[in-house]
Amino acid sequence: MDLSILWYLVPSVLMFVCGVFGFVTRKNMVAVLISLELILNSADLNFIIFNRFLFPHQMEGMMFTLFSIAIAAAETAIAIAIIINIYRQIGNTDIREITKMRF
Amino acid sequence: MESVGNIVLYFIVAIVMVACSFMAVRTRKILRSATYLLFVLICTAVFYFQLGYQFLGAVQIAVYAGGIMVLFVFAILLTRRPDENSNDLTSHRRVWGTICSVTATVLLLLAIFKMPVINDLSLTQVLGNGEITMKQIGETMLGTERYQYMLPFEAVSVLLLACIIGGVVVARKR
């Protein structure tokens, strides 16, 4: 039995789909952010898999993943700052209650 | 032919990863959701290690599992009243989410299994191309020639600075 590219793509797809499901159904903002992290993580894993199996002599996918991790960290920090600010203004983090972004 | 250890490791990590990502979006308590996300990130790091990207696995553990998870736990603890669950989901949203995710699963799996495979190498064959050394990574990241990434590197540092300032401005007390 060989571990080829398909074996690695399937868990990545399932992780992405779980992220989409959480993104649509969750109503706490932090939980939505967690689902977003799942989606991003699956994209990173895909970069790595395609890099390793299809172009093993290059390292473009790896560099893309490195930058993507850095950008995801920045994005999460800003999103959490915004969430904490919203919580301070409104008192909860339910996405159905946030109907205007005016402070 | 793959070694038995690699196959066993693959199955353990894949099953734990899929199960934990499912639990992360289904569990009622938000702090547990963050913990399951941590397990997913660590499993991804194990995949990176298994695919031969040791540096990237270390970055994944240090930045994601170390840094971002702390941010998440802080955010969760700061934005809820104690003993509060992330309570039930509205029904039409759950229907929409199920429709979206089932459709996406079917389409993506169809796309994957129908895709013309460029090469059908196994893991041992592609890993035979040699390790990526730290010297190579550093030269790729800080070089200015073709396939080298000095400019994105600097752009990311500016982005992080902007992110620090933005975070302070957004979250400070008025």
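Just so it is clear, none of the values below were taken in a lab; they were calculated from the coordinates. Here the structure is a predicted model, which means the values were calculated and not measured. Here the Cβ positions follow ideal geometry from the backbone for every residue, glycine too, while neighbour counts run over all protein chains shown.
On the first, second and third principal axes, largest extent first, how far apart are the outermost C-alpha atoms of the stretch B:133-174 in Å?
Principal axes ranked by extent give 47, 19, 8 Å for the Cα atoms.
Determine, at each q value in 0.11, 0.19 (inverse angstroms), the log₁₀ of I(q)/I(0) that the Debye formula gives when each Cα of chain A is one equal point scatterer.
Debye curve over Cα of chain A, log10 I(q)/I(0) at q = 0.11, 0.19 Å⁻¹: -0.46, -0.95.
Using every Cα-Cα pair within the stretch B:1-82, state what percent have a distance larger than 20 Å.
On the way: 1350 of 3321 pairs.
Summing the P(r) of the stretch B:1-82 above 20 Å gives 41 percent of all pairs.
Note down the magnitude of the dipole of chain B about its Cα centre, charges +1 on Lys and Arg C-beta and -1 on Asp and Glu C-beta and zero elsewhere, to the nearest 20 debye. Let's see the in-between values first.
On the way: 14 positive and 9 negative charges, 208 e Å.
Here chain B has a charge dipole of around 1000 debye.
Order these by the 10 Å Cβ neighbour count, fewest first: A:ARG26, B:ARG28. If you can, show how the numbers build up before the last one.
Numbers: A:ARG26 23, B:ARG28 11.
Exposure proxy ranking, most exposed first: B:ARG28, A:ARG26.
Treating each Cα of the protein assembly as shown as an identical point scatterer and ignoring solvent, apply the Debye formula and state log10 I(q)/I(0) at q = 0.10, 0.16 Å⁻¹.
Log10 I(q)/I(0), no solvent term: -0.57, -1.28.
With the contact rule set at Cα under 8 Å and sequence spacing of 6 or more, what percent relative contact order holds for chain B? Walk me through the numbers before you get to the answer.
Numbers: 97 pairs, mean separation 30.9, N = 174.
After rounding, I find 18 percent.
Taking the square root of 5 times each eigenvalue of the Cα gyration tensor, what semi-axes in Å does the equivalent ellipsoid of chain B have, largest first?
On the way: eigenvalues 215, 157, 59 Å².
The answer is 33, 28, 17 Å, longest axis first.
Given an 8 Å cut-off on Cα distances and at least 6 residues of separation, report the relative contact order of chain A as a percent.
Details: 76 pairs, mean separation 28.5, N = 103.
After rounding, I find 28 percent.
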